[in-house]
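What follows is a short report on a single structure.
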Amino acid sequence: MKSISIPLTLINLQDDGFHLLVEVVVFKEKHFAVLDTGASRSVFDKSLIEQHLSETLQVSDEINAATLFTTTTTIQATIPELKIGTLKIKNYETVAFDLQSVSDTYQQFGHPPIMSIIGGDILMQYKAVIDYKKMILRLYR
């Protein structure tokens, strides 16, 4: 199995502990994502998805308990290509939530805006290993 090493950024959110950020590329743009081993699936910011995929969105009124963020409107979309390091995931089926409040909190503390949360679906599928000492995320194809 071939592994891919992706650099991580450790940030301190004051009393909220530490968060790991990973750079992702969606719609040929670089964005920061929170690495969240507790999230059952990865999600993207609603505004980012709407900006690029407005014609192909499906809106669902189900409540989705996939992450800590509860919402009554979940947008489902297919991202043509998601890149994490050199890993390319084609036609990634995702859900989108409004992550603006999360992003605002990060920016308030001088950190980059957050456009995504990388969760258990991707981490499990690619057998993720987080190396805190080297600050590297390893994914396996």
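Working only within the stretch 132-141, note down all residues that are farther than 10 Å from residue 7 by Cα, exposed (fewer than 13 other Cβ atoms within 10 Å of the Cβ) and not hydroxyl-bearing (Ser, Thr, Tyr). Don't jump to the end; show me each part of the working.
If we filter the stretch 132-141 for residues that are farther than 10 Å from residue 7 by Cα, which is where we start, we get 132-133, 139-141.
Subsequent filtering for residues that are exposed (fewer than 13 other Cβ atoms within 10 Å of the Cβ) retains 132-133, 141.
133, 141, listed by residue number.
For residue 43, state whether it is closer than 29 Å to residue 4 by Cβ, in contact with a Phe, Trp or Tyr (Cβ under 7 Å, 6 or more places away or on another chain) and at pLDDT 90 or above. Don't jump to the end; show me each part of the working.
Numbers: closer than 29 Å to residue 4 by Cβ: yes; in contact with a Phe, Trp or Tyr (Cβ under 7 Å, 6 or more places away or on another chain): yes; at pLDDT 90 or above: yes.
Yes; evaluated as a whole, the condition is true for this residue.
Please work out which residue is nearest to residue 9 (Cα to Cα), limiting yourself to the stretch 37-47 and to residues that are surrounded by fewer than 20 Cβ atoms within 10 Å (Cβ to Cβ) and of a type outside the set (Gly, Ala, Ser).
Checking each candidate, the answer is 37.
Does the stretch 79-120 hold any residues that are touching a helix residue (DSSP H, G or I) at 6+ places or on another chain (Cβ under 7 Å) and assigned to a strand (DSSP E or B), and which are they?
Within the stretch 79-120, 96, 97, 114, 115 qualify.
Here is a yes/no grid of residues against (1) farther than 10 Å from residue 118 by Cα; (2) assigned to a strand (DSSP E or B); (3) out of contact with any strand residue (DSSP E or B) (no Cβ under 8 Å at 6 or more places or on another chain):
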residue: 19; (1), (2), (3): yes, yes, no
residue: 24; (1), (2), (3): no, yes, no
residue: 31; (1), (2), (3): yes, yes, no
residue: 34; (1), (2), (3): no, yes, no
residue: 37; (1), (2), (3): no, no, no
residue: 41; (1), (2), (3): no, no, no
residue: 49; (1), (2), (3): yes, no, no
residue: 53; (1), (2), (3): yes, no, no
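The values are calculated or read from the model by the stated rules, or taken from the named source; none is laboratory data. Worth saying up front: this structure is predicted, and the values here are computed from it rather than measured. Glycine also receives a Cβ, built like all others from the backbone with ideal geometry; neighbour counts cover every protein chain displayed.
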